[in-house]
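Shown next, in structure tokens, is the structure this report addresses.
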Amino acid sequence: MKDLRERKGTERLTVHRDGAPIYEIVLSEDFDALIQEARALQASRQRLCIVTDSTVAGLYLKELKERLAPCFAAVVPFVFPAGEANKNLDTVKRLYETLIENRFDRGDLLMALGGGVVGDLCGFAAATYLRGVSFIQVPTTLLSQVDSSIGGKTGVDFDAYKNMVGAFHMPKLVYINTGALGTLPDREFAAGMGEVLKHGLIKDKAYYEWLLEHAPAIRAKEPSILRQMAAESCLIKRAVVEADPMEQGERKLLNFGHTLGHAIEKLKDFELLHGECVALGSLAAMHISALRGYVMPEETERFRGVLALFGLPDRVSGLSKEDVIRATKNDKKMKSGVIQFILLKETGQAFVDQTVTDEEMAEGIDAVFAQGGTL
């Protein structure tokens, strides 16, 4: 694959900003090379705080704390209860307190070990503690490996408003152990596919078709296929981030499915996983694209079947259209009172549209209505 380099059992690619390299994405099937990567950061003089949640801590914290201890002056764990409900300023406050109590300074390092919630929260704390300290992303879920760990977007929820408080803060390293995907529950894995499919839909039709062709191997979590899939998605995410690091233009395309998805996620009180909501929002956005004549209606129905193929929902119940549309007005992607909606010109080619009406959104929402007329 273009720009993917092999070294000592790992594959790696470099993320640039303004033409200069800023960090490496390293793909492996275990944590072995993480030790060498930590040493390469000249970390021996630093303290390390491993930020993780209660689920991931039981799987990997003890192992990584023991293996990384020789690389750092001290290794301090910070564990918070798993779940989106804890991605808030109260948890960040407790993390600040841990860092202060252990005398972390600007030369020290944080490590986000876990999924998107852990990565977002740890990154935000790193961006704001002492006006900015370095951090490493070690994503353990599919969603975080292919999407949220890359690009430096960090943040926490505020009063149920998704990622309303945040900062751009690039990691020093993203270390992706695709072997960790073997421990994911099927529902968590499927939720990650919501973001994977998004990458193909907005940027690469050939990749989208590859995903459908290899669906049985992906669902069986075949190691070589998972590593190839993660690498391809990382290449797409990297290209978009390099072109628009501060989300002023092209990077907004990564929000395909997120406008209505975030509204559903909020109104369902995070009962649904983020990737599941992105899948529903993507189906609704594709339906609006079909209404405008950009994609064929058959493509929308095909995508509904694709969601089922990967174990993702295509229907949701218990909400009203009016509430969903109202919730979109509070989305952080609003600009001057106008929703910036991502639509498809065709599979593999997305664009930003600021003219989507409430009526069009209502029809898009209809596409994910459960039987009985409620969303």
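The values are calculated or read from the model by the stated rules, or taken from the named source; none is laboratory data. These numbers were taken from a predicted model, which means no experiment stands behind them. Virtual Cβ from ideal backbone geometry, glycine too; neighbours counted across all protein chains shown. Surface areas here come from the heavy atoms of the whole protein model, side chains and all, with no ligands, DNA or RNA. Shrake-Rupley method; radii C 1.70, N 1.55, O 1.52, S 1.80 Å.
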Sequence gap at least 6, Cα distance under 8 Å: using those rules, report the relative contact order of segment 280-319 to the nearest whole percent.
38 percent
Relative contact order (percent, whole number), the chain, Cα cutoff 8 Å, 6+ residue spacing
14 percent
Mind checking which of Thr52, Leu312, Leu41 is farthest towards the positive end of the chain's charge dipole, using Cβ charges of +1 (Lys, Arg) and -1 (Asp, Glu) about the Cα centre?
Leu41
Over the chain, what is the percentage of antiparallel beta bridges among all DSSP beta bridges, to the nearest 5?
45 percent
Phi to ³J(HN,Hα) by Karplus 6.51 cos²θ - 1.76 cosθ + 1.60 over segment 149-159, Hz, x for Gly, Pro:
6, 10, x, x, 7, 10, x, 9, 7, 9, 6
Please enumerate, by chain and number, the lysines with C-alpha under 22 Å from the C-alpha of Lys237, excluding those fewer than 8 residues away in the same chain.
Lys2, Lys153, Lys162, Lys172, Lys198, Lys203, Lys205, Lys221, Lys252, Lys332, Lys333, Lys345
Just the accessible area for Val241, please: 1.4 Å probe, Å², rounded to the nearest 10?
0 Å²
Per residue value of the accessible surface for the chain (all protein chains in place, 1.4 Å probe), Å²:
40 Å²
Determine the share of segment 76-137's accessible area contributed by carbon and sulfur atoms, expressed in whole percent, with a 1.4 angstrom probe.
50 percent
Between the modelled labels at Val165 and Ala370 (7 Å from Cα along Cα→Cβ) the distance in nm is 3.3 nm
I'd like the Karplus ³J(HN,Hα) series for segment 106-115: coefficients 6.51, -1.76, 1.60, θ = phi - 60°, whole numbers in Hz, and an x wherever there's a Gly or Pro.
5, x, 8, 9, 10, 10, 8, 10, x, x
Tell me, what are the semi-axes, in whole angstrom and largest first, of the equivalent ellipsoid of segment 58-109 as set by the roots of 5 times the Cα gyration tensor eigenvalues?
21, 17, 7
Starting with the highest mean, order 117-123, 218-224 by the number of other Cβ atoms within 10 Å, averaged over the residues of each peptide.
117-123, 218-224
